[in-house]
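The structure appears below as structure tokens.
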Amino acid sequence: MAVIETKGLTYTYPSGKKRTLEDVSITIEKGEFVVLTGPSGCGKTTLCRCFNGLVPHFYGGKLEGDISVTGLRVSEHSIHELARHVGLVFQNPENQLFALFVEKDVAFGLENLGVPRDEIRKRVDWALQTTGIENLRERAPHELSGGQQQRVAIACVLAMQPDVMVLDEPTSFLDPSGAQKIFEVISELNKEMGITVVLVEHRLDLASRYSNHVLVMNEGRVVLDGEPREVFNSETARLIGVGVPKATRLSQVLEESGVDLGRVPVTSGEASHILKEVLRRD
Amino acid sequence: MSVFDGLRFRMVSSPIHRLDPRAKFFFVCVMFVIAVLFNQLLPLIVLFLIQMPLVFVAGVQREWIRSLRGALFLAVMIFVINFVFAYLSPGGIQGIEPPVDTLPEYLMLFENSFALTLRFVVLIESFSVFFLTTSPDHLGLALEQSHVPYEFCFAFTTAVRFVPVLAEEAQTIMDAQKARGLELERGNFIKRIRNYIPILIPLIVNAIRRSLELAETMESRAWGATEKRTNLYVLRLKKPDYVLVMMSILMLVLAVYVRLFLPVPPLVVILQI
């Protein structure tokens, strides 16, 4: 079943002359882990904003084509209706936390929805536990590291029990180990709870291991859409300037110099496995 | 980070901190009313002293003294102005037959001015006890439950939350501009103020950008989904709160009674100086 479906989606910001999204038609199935990538300014963030109605309800502008998320047509439903189904996590963790301590922030969405107090308590505890930040419950946001803040932001969204979680470059303010932690948390949500994940990411080396569907955008269009292996291995991806995983790039370089590995690796683990096989064969 | 240090609340746990902000606020209001009711020195000294235990139980002496020291300049001004004007037209002050020329009359004048200054100090004292022992989120919660529109409470707590963030940002911008050769501590008064413009502009622009991102996040978390939003936390008045409220009411009644039916003699008369 398609969780997110767009047909010929085209969008222009009220201040813009150029179309930010142009004829985007994609289908995201339930339970998928989608990595959305592409050069800066290609419209990734705008597409994410479409998923929960920030575009067009918050930003205005002209939206053409069709987009429905969990069966709801975005143009006909308000942001807060969509927020029950789609959780958005943004780039800068600092600007997503506005309460004076963690627990209150996690409860914020549920309070807005008018969920009864006992239920809020249960879900907040569950969300903190799932993201592994129970010990931060009473802390103020400015006392936390970027990685911890971003985990709080994920917990905030998780507490609302969305069907889809959209993360817009959640790791760009974090160090590699913090980023790794975030990916692990997201992948667990995807695997254990079947939450559909859309992750906007440049660090494909780390992210691609979890993904089973990759979208590459360029200048407002989706130019590549498919399995990680075939997308990363395509010539287009490299020419646009996508940070193709090093393992994949290695196999391409080897092939150019006449070594055929037989398969295309995506992660460094896979690469080492394949290389070992090849070395043994020779 | 030093710029906003004073605004940062220090979380301590004491019986006073645990009191309900509404009960404390009621107490502060009662103190305010009583202080305005009297202009004699004796009751104001009593008012000043009965708040001292609260300060010590809460363990905020140092901050409390700092806030009183902050009020020192104004207090001195109030004293001087009252003394001078009362000297020039002493009519209406108990025990003084104009013109002021005898020692008892001078003492009386002194006591009167001192009482009015102490009234100011008592007001500062009670408000600082309140703000030093009430955490901003408690205060926000109390506002919410006093039927203040949620938008205002939210604005208040969010503002408090972003104080350290903006302070850090101001520091970063200052460092960046200094690295480009901006000299903050040069020139006369006007020049020095103008030196801060290259710091204020990026700070404000960033704050606006930040507020947009905040708005986006709020929208994404169902801001305004229901008319009646729920709240994870509830403030409930407990026994100590009721005790404080009862004591405040008692004090108020007593003070009104004394004001109406008992003449309060000046300290000079009591001590027979």
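The values are calculated or read from the model by the stated rules, or taken from the named source; none is laboratory data. Computed from a prediction, not measured in an experiment: that's the story for all the values here. Positions of Cβ are backbone-derived with ideal geometry, glycine not excepted, and every protein chain shown enters the neighbour counts. Areas reflect the complete protein model, heavy atoms only, side chains present, ligands, DNA and RNA absent. Shrake-Rupley method; radii C 1.70, N 1.55, O 1.52, S 1.80 Å.
Is at least one residue of segment A:239-247 farther than 30 Å from A:ALA2 by Cα, of a type in the set (Gly, Ala, Ser) and more than 18 Å from the chain's Cα centre (by Cα)?
Of the residues in segment A:239-247, the ones farther than 30 Å from A:ALA2 by Cα are A:239, A:246-247.
Now narrow it down to the ones that are of a type in the set (Gly, Ala, Ser): A:247.
Next cut, more than 18 Å from the chain's Cα centre (by Cα) only: A:247.
Taking every residue of segment A:239-247 in turn, at least one turns out to be farther than 30 Å from A:ALA2 by Cα, of a type in the set (Gly, Ala, Ser) and more than 18 Å from the chain's Cα centre (by Cα).
Out of all the residues in segment B:107-114, is one or more outside the structural domain of B:ILE204 (by TED's automatic domain parsing), of a type in the set (S, T, N, Q) and surrounded by 18 or more Cβ atoms within 10 Å (Cβ to Cβ)?
Scanning segment B:107-114 turns up at least one residue that is outside the structural domain of B:ILE204 (by TED's automatic domain parsing), of a type in the set (S, T, N, Q) and surrounded by 18 or more Cβ atoms within 10 Å (Cβ to Cβ).
Within segment B:170-183, does at least one residue satisfy the condition of being touching a residue at least 12 places away in the same chain (Cβ under 8 Å), within 12 Å of another protein chain (Cβ to nearest Cβ), open to solvent by less than 70 Å² (accessible area, probe 1.4 Å) and part of a helix (DSSP H, G or I)?
no
How many of the residues in segment B:31-49 are under 18 Å from B:PHE261 (Cβ atoms) and touching a Leu at 6+ places or on another chain (Cβ under 7 Å)?
Of the residues in that region, 5 qualify.
Inspect all residues belonging to segment A:64-81 and state whether any of them is out of contact with any strand residue (DSSP E or B) (no Cβ under 9 Å at 6 or more places or on another chain) and either in contact (Cβ under 8 Å) with a residue 40 or more places away in the chain or at the interface with another protein chain (Cβ under 8 Å from one of its Cβ atoms) (or both).
Checking segment A:64-81: at least one residue is out of contact with any strand residue (DSSP E or B) (no Cβ under 9 Å at 6 or more places or on another chain) and either in contact (Cβ under 8 Å) with a residue 40 or more places away in the chain or at the interface with another protein chain (Cβ under 8 Å from one of its Cβ atoms) (or both).
State yes or no: is B:ILE124 within 25 Å of B:LEU74 (Cα to Cα), outside any helix (DSSP H, G or I), open to solvent by 20 Å² or more (accessible area, probe 1.4 Å) and assigned by TED's automatic domain parsing to the domain that holds B:ALA23? Give the steps one after another, and end with the answer.
Numbers: within 25 Å of B:LEU74 (Cα to Cα): yes; outside any helix (DSSP H, G or I): no; open to solvent by 20 Å² or more (accessible area, probe 1.4 Å): yes; assigned by TED's automatic domain parsing to the domain that holds B:ALA23: yes.
Here the answer is no, as B:ILE124 does not meet what is asked.
For segment A:42-63, enumerate the residues that are away from chain B (no Cβ under 14 Å) and basic (Lys, Arg).
Taking segment A:42-63 and keeping what is away from chain B (no Cβ under 14 Å), we get A:42-44, A:47, A:61-63.
Within segment A:42-63, A:LYS44, A:LYS62 meet the criteria.
Going through A:GLN161, A:GLN180 one at a time, which residue ends up being of a type in the set (S, T, N, Q), away from every other protein chain (no Cβ under 14 Å) and surrounded by fewer than 17 Cβ atoms within 10 Å (Cβ to Cβ)?
Working: A:GLN161 fails: away from every other protein chain (no Cβ under 14 Å).
Testing whether each residue is of a type in the set (S, T, N, Q), away from every other protein chain (no Cβ under 14 Å) and surrounded by fewer than 17 Cβ atoms within 10 Å (Cβ to Cβ) leaves just A:GLN180.
Within segment B:227-247, is there a residue that is of a type outside the set (Val, Ile, Thr), buried (at least 17 other Cβ atoms within 10 Å of the Cβ) and more than 14 Å from chain A (Cβ to nearest Cβ)?
For segment B:227-247, residues of a type outside the set (Val, Ile, Thr), buried (at least 17 other Cβ atoms within 10 Å of the Cβ) and more than 14 Å from chain A (Cβ to nearest Cβ): present.
When you look at B:ALA255, is it among the aliphatic types (A, V, I, L, M), closer than 21 Å to A:MET160 by Cα and either surrounded by 14 or more Cβ atoms within 10 Å (Cβ to Cβ) or within 14 Å of chain A (Cβ to nearest Cβ) (or both), yes or no?
On the way: among the aliphatic types (A, V, I, L, M): yes; closer than 21 Å to A:MET160 by Cα: no; either surrounded by 14 or more Cβ atoms within 10 Å (Cβ to Cβ) or within 14 Å of chain A (Cβ to nearest Cβ) (or both): yes.
Here the answer is no, as B:ALA255 does not meet what is asked.
Go through A:ASP105, A:ASP66 for me and flag whichever is open to solvent by 10 Å² or more (accessible area, probe 1.4 Å) and either part of a strand (DSSP E or B) or within 29 Å of B:ASP137 (Cα to Cα) (or both). I'd like the intermediate steps shown before the answer.
On the way: A:ASP105 fails: open to solvent by 10 Å² or more (accessible area, probe 1.4 Å).
Exactly one residue qualifies, and that residue is A:ASP66.
This table checks each residue for (1) more than 8 Å from every other protein chain (Cβ to nearest Cβ); (2) within 17 Å of the chain's Cα centre (by Cα).
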| residue | (1), (2) |
| --- | --- |
| A:ALA83 | no, yes |
| A:LEU88 | no, yes |
| A:ASN92 | no, yes |
| A:ASP105 | yes, no |
| A:ARG117 | no, no |
| A:ARG123 | yes, no |
| A:THR131 | yes, yes |
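Is there a residue being touching a Phe, Trp or Tyr at 6+ places or on another chain (Cβ under 7 Å) and polar (S, T, N, Q) anywhere in segment A:92-99? It would help to see each step written out before you state the result.
Here is the first cut: in segment A:92-99, the ones touching a Phe, Trp or Tyr at 6+ places or on another chain (Cβ under 7 Å) are A:92-93, A:96, A:99.
Going one step further and asking which of them are polar (S, T, N, Q), we end up with A:92, A:96.
Checked against the condition, which is being touching a Phe, Trp or Tyr at 6+ places or on another chain (Cβ under 7 Å) and polar (S, T, N, Q), segment A:92-99 yields at least one hit.
Collect the residues in segment A:134-145 that are open to solvent by less than 30 Å² (accessible area, probe 1.4 Å) and either in a helix (DSSP H, G or I) or over 23 Å from B:SER135 (Cα atoms) (or both), keeping them in residue-number order. Show your work before the answer.
First, pick out the residues of segment A:134-145 that are open to solvent by less than 30 Å² (accessible area, probe 1.4 Å): A:136, A:140-141, A:144.
Residues satisfying the conditions are A:LEU136, A:PRO141.
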